[in-house]
Amino acid sequence: MSTYWAGPLLKEGFSIIRLTDEESRSSAELIPAIGNNLYRFTCDGVEVLMPPASLSSLWHEPNEVFKYGTPLLSPPNRVLNGRFLFKGREYKLPLNEPPDHHLHGEICSKAWKVVGYGASEEEGAWVTSQFRYADHPEIMAYFPHMLVFTMTYRLKAGRLYLEGGIENKGVEEAPFAFGLHPYFAVPFGDGEEISLCVPAAAEWPVTNQAFVIGTPEESAFSRKLRQGASIENYPLLGCSLITMSQDGDRTCRIEMKNRNYTIAYRFDQTFPNVVLFRPDWASAYSLEPYTYVTDAFNLPYEHELTGARGIRAGEQVRFTTGMWIEK
């Protein structure tokens, strides 16, 4: 009998996909109907991600989809006035955050299609889901590019991997911006000593909405992050925008020193930046890998610096991430 299992289940009236790994006492749950959100991951008795109070809250409250689990973002964070220029074309995105911003895109709230799942000793437990812009005329009306997002979550040996691909099936180059927004369950306020270690190269100056207001420099905080910075007093709704080192191990770690475990999160060089964020609605902390900095297409800096770029016709951008518990 295999250590691994993958399959659909009915939970709170929603069809979810569960992945399990008995040997490491790990499980993950995904809800394709609501943004393909990986809303729960537990490993060896530890709740790694902050799940919502209920799945129905994600369904009935539009802004709740941004606040729990692992929202998939395109474009990530805010676009000022919902407008930007790319290759001479103006894009006008829907204003979904008062008073006048576009926030996080729509792939995190719409239904995805499950195209396969399975389990074996060689492959672990896995599920692959897909989202096609061409299936959504309301998106094509303001973003007329046939992007296809394909995401495979894989649970193996107690580690949860995301193997992603974004492909441009159209005939024109499209503006490209993608990010992830995992909410890691962190026990703030319990007298816990909490340390965050990030292979940081520099820090961007940003507003409290993560809008960039200058160019990146090495800062006292970015230096501390390389060795381990205390975050138990990190401000509620505070955020930081960090440029990652491009060399060596790109694993970030949140260490709960009193509880003797660490949440580890690794992402590849597709994501040169990470946003750090502490919500005020849950005891959680986010490490958000982004392909660009917030609102990059509207910034007056070189694209090589901001990550503003296109995805050409026929091009596919691939990436991998992984999260696990260290004790």
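Any residue in region 49-66 that is in a loop (DSSP other than H, G, I, E, B), over 17 Å from Tyr183 (Cα atoms) and not charged (D, E, K, R)? Looking for residues that are in a loop (DSSP other than H, G, I, E, B), over 17 Å from Tyr183 (Cα atoms) and not charged (D, E, K, R), one finds none in region 49-66, hence no.
Glu167 meets the stated requirement of being charged (D, E, K, R) and either farther than 18 Å from Gly118 by Cβ or crowded, with 19+ Cβ neighbours inside 10 Å (or both). Restricting region 94-145 to residues that are of a type in the set (S, T, N, Q) and under 21 Å from Tyr290 (Cα atoms), which is modelled with the lowest pLDDT? Among residues in region 94-145 that are of a type in the set (S, T, N, Q) and under 21 Å from Tyr290 (Cα atoms), the one modelled with the lowest pLDDT is Asn96. Residues that are closer than 13 Å to Met151 by Cβ and surrounded by 24 or more Cβ atoms within 10 Å (Cβ to Cβ) within region 32-41 comprise Gly35, Asn36, Asn37, Leu38, listed in sequence order. Whether a residue is more than 16 Å from the chain's Cα centre (by Cα) and either of a type in the set (Asp, Glu) or in a loop (DSSP other than H, G, I, E, B) (or both) was assessed, and Glu288 does not pass this test. Restricting attention to region 232-254, the residues being in contact with a Ser or Thr (Cβ under 8 Å, 6 or more places away or on another chain) and surrounded by fewer than 20 Cβ atoms within 10 Å (Cβ to Cβ) number 1. Identify all residues within region 163-195 that are β-branched (Val, Ile, Thr) and part of a loop (DSSP other than H, G, I, E, B); write none if there are none. Val171, Val186, listed by residue number. Right, Tyr161: open to solvent by 10 Å² or more (accessible area, probe 1.4 Å), closer than 19 Å to Phe267 by Cβ and not hydrophobic (A, V, I, L, M, F, W, C) or not? Against the criterion (open to solvent by 10 Å² or more (accessible area, probe 1.4 Å), closer than 19 Å to Phe267 by Cβ and not hydrophobic (A, V, I, L, M, F, W, C)), Tyr161 qualifies. Take the conditions (1) buried (at least 20 other Cβ atoms within 10 Å of the Cβ); (2) not in a strand (DSSP E or B); Pro99 misses just one of them, which is (1). Remark: Arg78 falls outside the filter, which requires a residue to be under 24 Å from Gly116 (Cα atoms), within 19 Å of the chain's Cα centre (by Cα) and of a type in the set (Lys, Arg). Residue count for region 55-66, restricted to those that are open to solvent by 30 Å² or more (accessible area, probe 1.4 Å) and in contact with a strand residue (DSSP E or B) (Cβ under 7 Å, 6 or more places away or on another chain): 0.
The values are calculated or read from the model by the stated rules, or taken from the named source; none is laboratory data. Remember, predicted model here, so these are calculated numbers, not experimental data. All Cβ positions, even for glycine, are placed from backbone atoms using ideal geometry, and neighbour counts span all protein chains on display. The accessibility values were calculated without ligands, DNA or RNA, using every heavy atom of the protein model including side chains. Shrake-Rupley method; radii C 1.70, N 1.55, O 1.52, S 1.80 Å.
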